[in-house]
1. Of everything in segment 227-251, what is of a type in the set (D, E, K, R) and either touching a Leu at 6+ places or on another chain (Cβ under 9 Å) or closer than 14 Å to Ile172 by Cα (or both)? Give them in sequence order.
2. Is it true that some residue in segment 182-205 is in a helix (DSSP H, G or I), of a type outside the set (S, T, N, Q) and open to solvent by 30 Å² or more (accessible area, probe 1.4 Å)?
3. Report yes if Glu116 is surrounded by 19 or more Cβ atoms within 10 Å (Cβ to Cβ) and under 21 Å from Pro174 (Cα atoms), otherwise no.
4. When both residues are 6+ apart or on different chains and their Cβ atoms are under 7 Å apart, which pairs have a first residue that lies in segment 28-43 and is of a type in the set (Phe, Trp, Tyr), and a second that is in a helix (DSSP H, G or I) and open to solvent by less than 40 Å² (accessible area, probe 1.4 Å)?
5. Since Met145 meets every condition but one in (1) out of contact with any Asp or Glu (no Cβ under 9 Å at 6 or more places or on another chain); (2) more than 29 Å from Pro93 (Cβ to Cβ), which condition does it not meet?
6. On the given criteria, is Pro100 modelled with pLDDT of 95 or more, touching an Asp or Glu at 6+ places or on another chain (Cβ under 7 Å) and buried (at least 21 other Cβ atoms within 10 Å of the Cβ)?
7. Considering Gly168, Gly123, which residue is touching a Ser or Thr at 6+ places or on another chain (Cβ under 7 Å), over 22 Å from Ala234 (Cα atoms) and not β-branched (Val, Ile, Thr)?
Amino acid sequence: MRTCSVLLLLGSLTLSLNVGAEPRFARLYKQHYGYPPSCHACHKDGGGTPLNAYGEDWRDAGSNVGAFAKIGEQDSDGDGASNATEAKAKANPGQVRSTPQSPGDWLDTANLIPREVQRLFPGVTAYKPLDTILTDKELARAEKMGVSLGPQDETTIYVPVRDGKAAGTAIIVPAQFKGEQFFVLLATNRQLEVSHAVAMHAGKVDGADDPALYAGAIGRTVEQLPGGGPDSLADAVAAALKRAAVLLHVRLKPA
């Protein structure tokens, strides 16, 4: 339910942002354990990055609220405490250095922002991480823009804040090529024009981190990005960039 929203002015663009929305994993985790986790519960380095062992175990157990109980007695991160014991103690069941005796600061907002995102906005010390749930209306808007979205596309939008104002946006989305997954990080300015586009965790896909594959997106809006298909690595990158831009557009720009 969209009960809490905030208006941020990004230059000429007014963003209607739901600060209460959470990806499906976080919503179900809160339902089961009584509090919302950070993205580090199931991702290696924040929202949109590869799953950690706990995230993989939850996925393999069914990706539903019952999956938490199924893997509760497992020790996904190998730190000697069961997943359920850690979660109930507000420790991170997906992070070996977080234990019931020493949970750490994994739930602090300052630790929710991937390092790759922070490097794109030097000097920024405050971020608004916005977890997204796509409405039927937003899904329909995306379809009209040539991109089919679904629950699997729920992710986190990172909004850097400078002097009390949003300085742009960043989002991380997965990409696939020949059965291998890598990630694409896209950042924009206040007008949702692409300012940066790079690959992340692309070691298994030769050439996926070639800057030339991303250079054509810089300065473009979502309407100007061509999209792509499965035939080549360039197509896979283009499809991921388009999907990232459409996610930002339908969630942040009023219809």
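The values are calculated or read from the model by the stated rules, or taken from the named source; none is laboratory data. Values in this document were obtained by computation on a predicted structure and should not be read as measured data. All Cβ positions, glycine included, derive from the backbone under ideal geometry; neighbour counts span all protein chains shown. All accessible areas refer to the heavy atoms of the entire protein, side chains included, with ligands and DNA or RNA removed. Shrake-Rupley method; radii C 1.70, N 1.55, O 1.52, S 1.80 Å.
1. Residues of segment 227-251 that are of a type in the set (D, E, K, R), as a first pass: 231, 235, 242-243, 251.
Result: Lys242, Arg243, Arg251.
2. no
3. On the way: surrounded by 19 or more Cβ atoms within 10 Å (Cβ to Cβ): yes; under 21 Å from Pro174 (Cα atoms): yes.
When the stated conditions are applied, Glu116 passes them.
4. So the pair list comes out as Tyr29/Ala41; Tyr29/Phe68; Tyr33/Ala87.
5. Only one criterion is unmet by Met145, namely (1).
6. Details: modelled with pLDDT of 95 or more: yes; touching an Asp or Glu at 6+ places or on another chain (Cβ under 7 Å): yes; buried (at least 21 other Cβ atoms within 10 Å of the Cβ): no.
Here the answer is no, as Pro100 does not meet what is asked.
7. Values: Gly123 fails: touching a Ser or Thr at 6+ places or on another chain (Cβ under 7 Å).
Among Gly168, Gly123, only Gly168 is touching a Ser or Thr at 6+ places or on another chain (Cβ under 7 Å), over 22 Å from Ala234 (Cα atoms) and not β-branched (Val, Ile, Thr).
Residue by residue, here is whether (1) surrounded by 14 or more Cβ atoms within 10 Å (Cβ to Cβ); (2) over 30 Å from Gly62 (Cα atoms) holds:
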residue: Thr125; (1), (2): no, yes
residue: Pro129; (1), (2): yes, no
residue: Leu134; (1), (2): yes, no
residue: Ser148; (1), (2): no, no
residue: Tyr158; (1), (2): yes, no
residue: Ala166; (1), (2): yes, yes
